[in-house]
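Each remark here refers to the structure printed beneath this line.
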Amino acid sequence: MRPLTEEETRVMFEKIAKYIGENLQLLVDRPDGTYCFRLHNDRVYYVSEMILKLAANISGDKLVSLGTCFGKFTKTHKFRLHVTALDYLAPYAKYKVWIKPGAEQSFLYGNHVLKSGLGRITENTSQYQGVVVYSMADIPLGFGVAAKSTQDCRKVDPMAIVVFHQADIGEYVRHEETLT
Amino acid sequence: MGRKLDPTKKEKRGPGRKARKQKGAETELVRFLPAAGDETFKRLSSRARKRAARRRAGTVEVPKPNTAPGTKTLPGELSKAAVQARGKKRPAPTPSSDGDEEEDSEEDGVANQGDLWGSGDSDADMVDDYGADSASEDEEEKLLPIERAALKQKAREAAAGGQWSEEETDEEEDDDVPPESCPPKDDKAEGDLQINVDDEETFVLPASGEMEQDAQAPDLQRVHKRIQDIVGVLRNFGAQREEGRSRSEYLNRLQKDLATYYSYGDFLLGKLMEIFPLSELIEFLEANEVPRPVTLRTNTLKTRRRDLAQALINRGVNLDPLGKWSKSGLVVYDSSVPIGATPEYLAGHYMLQGASSMLPVMALAPQEHERILDMCCAPGGKTSYIAQLMKNTGVILANDANAERLKSVVGNLHRLGVTNTIISHYDGRQFPKVVGGFDRVLLDAPCSGTGVISKDPAVKTNKDEKDVLRCAHLQKELLLSAIDSVNAASKTGGYLVYCTCSITVEENEWVVDYALKKRNVRLVPTGLDFGQEGFTRFRERRFHPTLRSTRRFYPHTHNMDGFFIAKFKKFSNSIPQPHTGNAAAAIPMEPELKDQVTPMSENSGQPAKGAGGTAKAKRQLGRQQHSRKPFQKTNGISKGPGSESTAPSIPKAQESARPQKNCQPDGKAGVIRKPKMARKLKQRGPKSKPSKEAALPKQRAPPKGVDSETPAMPSPSEICTAPGIKDCGQSLGKTKKIEKAKQQLPEQSAKRAASLKEDGTPKGLSVPTGSPHSSTRPPPAKRRKSVTKGSSQPLLS
């Protein structure tokens with residue numbers, strides 16, 4: 001376990017900022033304690049310092065996870081956000097998409113969101129903007145990338161993709177092994 | 001006119017009441033039951049008649065006792081026609097192949113019987129030959145007319161053709177009864193028949209020879225019936241027993257029958273019979289065939305129970321709150337959607353968890369900002385419950401030895417939004433070496449799984465003695481490690497919950513009792529107000545009376561998986577010596593001092609008394625080294641030097657207070673407890689001892705100086721005597737110094753100081769680095785072993 005290097009921190013923050021923008025600062029400076037990011041086995045974990053102290057006693061090969069895993073660095077040093085970060089993205093998301101109840105299941109299976117399943121979308125969402133996907137009951141379902149800007153979404157036909165799927169909570173049962 | 005017109009016997013016909021009136025079985029069945037030879041004559045052709053005559057003449061031999069078991073006799077005795085009427089395939093004596101088309105035509109549904117009994121022997125007799133002679137012999141009670149008729153037919157059959165193939169008849173009569181069981185079952189069949197008919201007849205225990213026959217093709221109906229019969233007999237054994245049969249024979253038979261009926265292995269069923277009384281046993285076995293209701297626990301970190309219930313009801317789930325004892329539990333009766341895949345589940349609003357798995361966490365009662373260890377956490381249900389009770393504050397260390405199952409822990413904890421957890425992959429026995437000093441520890445030990453048979457029926461057969469003992473051994477090791485990982489001096493905690501999903505005494509009460517003897521823990525009430533109390537004695541074993549505060553849960557009484565929960569409170573961080581047999585006195589030690597006595601005690605084979613004295617000494621001195629020195633003195637050297645001990649710097653009041661404390665326990669060779677030290681020392685063997693001793697003295701090194709002079713504490717008796725008191729005072733003084741020094745010194749420097757001190761110890765009294773215990777023992781062997789620091793060993797010789 002080690003802290004992130006400058007480069008890694010930059011890459012990761014860029015990725016996260018796509019979804020929550022400048023609210024990223026709130027993740028780091030929290031009123032209830034100091035939280036930090038640590039790298040372990042190519043995965044980035046977001047932990048509070050109190051937990052960090054205890055985790056320091058555990059040897060590296062026996063440590064499986066700590067705090068919350070945000071994602072992992074791939075072999076080519078790109079950062080990939082996992083669905084486990086959703087709990088921290090959802091409250092601070094700048095651009096949100098709500099999908100209809102009928103399209104929930106499809107999204108939870110890993111499919112993209114079509115125009116026919118789109119319920120609401122935040123105004124002035126630009127194209128390829130990172131968005132967080134919600135159900136109509138305001139339950140965060142995952143996140144993705146807007147395929148069309150808000151204006152275009154109104155014009156496009158019902159079978160067109162409006163949100164590219166990146167991660168959804170269905171992965172907790174579909175891809176349990178990849179979580180660690 | 002040829003018509004036998006009898007107005008009294010004329011049948012009423014028509015829609016009126018008289019036509020519908022029944023005249024009684026006798027009159028009704030007369031139509032079916034062959035009167036003596038009536039039907040026979042009517043139906044026999046000439047050839048058949050000749051054959052019948054031949055048979056009757058030649059039948060001197062006893063017909064094969066063909067008494068089918070009771071279930072068969074009755075139907076078998078009816079004639080073909082009767083059988084037909086009942087729709088049974090029962091072949092009455094098959095019509096001969098060469099004739100009796102009438103008979104053939106009558107038995108429409110039994111064409112195959114002709115094949116079975118195609119031999120020429122089958123003949124006009126309608127009824128089977130069932131060993132009617134036996135029936136007549138046992139006839140003591142009144143029989144219904146139908147039975148009388150049946151018996152008569154039997155007799156006729158026996159006379160007619162003894163060489164019926166009873167096997168075939170048996171098979172057709174009754175699916176599973178093996179043919180060879182028929183002969184010996186004569187008496188039994190009669191007995192059973194009579195049971196069916198007349199309950200006054202006592203149940204006859206089948207001979208042991210019949211068990212093998214049963215093994216080949218057990219008839220579950222009969223086995224079940226026999227189980228009920230035996231239970232009934234045993235309930236009122238004096239009145240209903242059969243003469244000449246002992247109770248153990250009945251119990252053996254019952255055990256085998258239960259094992260057959262419920263598909264258990266013999267070992268496990270024997271264990272269950274030891275634990276449960278008979279009435280409960282049947283209920284328990286029945287409950288294990290049925291799954292427990294599905295329950296889930298609301299994740300209060302993300303939602304509330306009533307919101308979740310509402311959301312799930314909207315999805316089509318039929319649920320209810322779990323009970324008054326649970327604030328976040330829900331029980332699911334049925335559901336139109338898969339309960340493990342709803343969006344609420346995926347969003348982490350609830351966790352599927354058994355009701356009994358919520359109990360240990362409720363017993364543990366974790367508080368916010370505590371440090372908790374969950375030693376066997378997979379799949380993470382209890383860990384997440386702990387986290388939600390702590391509201392994501394504090395730290396939880398979730399550990400499991402199985403890497404595969406750890407993945408599900410990671411998944412579940414992330415899904416449920418738990419952020420204060422570290423997940424590790426250690427063998428639980430490596431705690432507290434990895435990290436210790438937890439406020440609370442939860443140990444859900446791996447077990448044989450005899451409480452969750454409904455979830456995993458393989459447990460019925462694949463567990464045996466070795467498995468249970470192996471589990472018990474592992475559980476004991478884990479429990480001791482868990483106890484050592486708890487910090488008894490914790491301000492808010494010091495508790496440990498041990499639980500298993502098994503109901504055997506070897507894995508539950510025995511393990512708990514073992515821990516009570518081995519460590520400074522005591523059992524406290526779990527806080528669960530329902531559940532059965534644990535056993536305080538079981539067969540030949542006797543457990544500590546506080547085991548009444550543990551709780552057992554059963555599937556048949558509480559409708560949750562079998563479970564066992566025990567809650568410990570650790571009251572001292574020191575580890576008692578193994579050879580001080582009695583239970584530790586519950587004298588709390590100073591929190592800052594903690595000493596490891598284990599290695600010393602192990603090395604020294606001191607008598608208990610000596611050990612006790614040593615313990616006292618240790619307690620007073622708070623330092624192994626200190627106690628060692630006095631011991632040495634007493635052994636080989638006069639007590640003179642003892643008086644040289646540094647004048648106690650402690651106030652006299654303390655000294656006076658201390659001696660009382662010291663002398664009190666003298667009488668009992670209680671567990672030696674060393675004063676707790678702030679840091680946990682872990683020693684296991686003599687090798688560690690010297691280092692530990694070095695460590696210990698190091699803290700007290702500075703003040704000690706010539707502490708070794710204290711001759712006090714060598715033995716309880718000495719302590720209690722006047723000089724002892726003086727010594728106690730001296731030792732007290734030293735203790736005080738030690739404590740002060742301890743607080744001041746860091747460990748490392750203390751170590752160095754200790755070693756220095758040891759080397760510097762001038763007098764001929766060498767300070768053996770061995771344990772204080774060893775000093776009281778015949779010194780040479782012990783001290784040699786323990787000395788590593790280069791201190792001289794004057795006493796060794």
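The values are calculated or read from the model by the stated rules, or taken from the named source; none is laboratory data. This is a predicted model, so every value here is computed, not measured. Don't worry about glycine lacking a Cβ; one is built from the backbone with ideal geometry, like all the others, and counts go over all protein chains shown. Keep in mind that these areas ignore ligands, DNA and RNA; they rest on the heavy atoms of the full protein, side chains included. Shrake-Rupley method; radii C 1.70, N 1.55, O 1.52, S 1.80 Å.
Some values worked out for this structure:
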item: Loss of accessible area when A meets B, both sides summed, Å² nearest 100, probe 1.4 Å; result: 2600 Å²
item: Loop-resident sites, the range B:455-507, for trypsin sites (Lys or Arg not before Pro), counting at most 11 other Cβ within 10 Å (DSSP); result: B:LYS491
item: Where labels lie 7 Å past Cα in the beta-carbon direction, separation of B:SER279 and A:SER106 in nm; result: 6.2 nm
item: Cleavage-rule hits (GluC sites (Glu not before Pro)) in the range B:461-559: DSSP loop, at most 12 neighbouring Cβ within 10 angstrom; result: B:GLU540
item: 1.4 Å probe accessible area per residue over the range B:294-362, in Å²; result: 42 Å²
item: Partner chain coverage, peptide A:55-66 - average Cβ within 10 angstrom; result: 6
item: Phi to ³J(HN,Hα) by Karplus 6.51 cos²θ - 1.76 cosθ + 1.60 over the range A:123-130, Hz, x for Gly, Pro; result: 5, 6, 7, 8, 6, 6, 8, x
item: A:THR5-A:ALA137 FRET efficiency (beta carbon distance; Förster radius 45 Å; 0.05 resolution); result: 0.65
item: Portion, in percent, of the accessible area of the range A:94-173 that falls on carbon or sulfur, probe 1.4 Å; result: 54 percent
item: Beta bridge orientation in the range A:94-173: antiparallel %, DSSP, nearest 5; result: 80 percent
item: Full-extension gain in nm, A:ASP157 to A:GLU22, via 0.36 nm per residue minus C-alpha separation; result: 45.3 nm
item: Percentage, to the nearest whole number, of Cα pairs in chain A over 30 Å apart; result: 22 percent
item: Binned Cα-Cα distance frequencies in the range A:1-86 - 5 Å width, integer %; result: 3, 14, 25, 27, 19, 9, 3, 0
item: Vicinal HN-Hα couplings computed from phi for the range A:144-150 (Karplus, 6.51 cos²θ - 1.76 cosθ + 1.60; Hz; Gly/Pro x); result: x, 10, 5, 7, 9, 6, 4
item: Estimated FRET transfer efficiency when R0 is 60 angstrom, pair A:SER149-B:LEU352 (beta carbons, to 0.05); result: 0.90
item: For the range B:317-360 versus the range B:219-285, the gap between their alpha-carbon centres in whole angstrom; result: 38 Å
item: Accessible area of the range A:94-173 divided out per residue, in Å², using a probe of 1.4 angstrom; result: 45 Å²
item: Under 16 Å from the B:ASP266 label point (7 Å along Cα→beta-carbon), backbone N, the range B:438-478; result: B:461-466
item: At least 50 Å² of accessible area lost relative to the chain alone, listed for the range B:345-372 with a 1.4 Å probe; result: B:LEU346
item: Two-site label geometry, B:ASN236 and B:GLU477: point separation in nm, points 7 Å out along Cα→Cβ; result: 5.4 nm
item: Cα-based helix-to-principal-axis angle, A:6-20 vs chain A, degrees rounded to 10; result: 30 degrees
item: Within 10 Å of each Cβ in A:83-89, the average number of Cβ atoms from other chains; result: 4
item: Loop-located trypsin sites (Lys or Arg not before Pro) in the range A:44-81, at most 16 other Cβ atoms within 10 Å (DSSP); result: A:LYS62, A:LYS75, A:LYS78
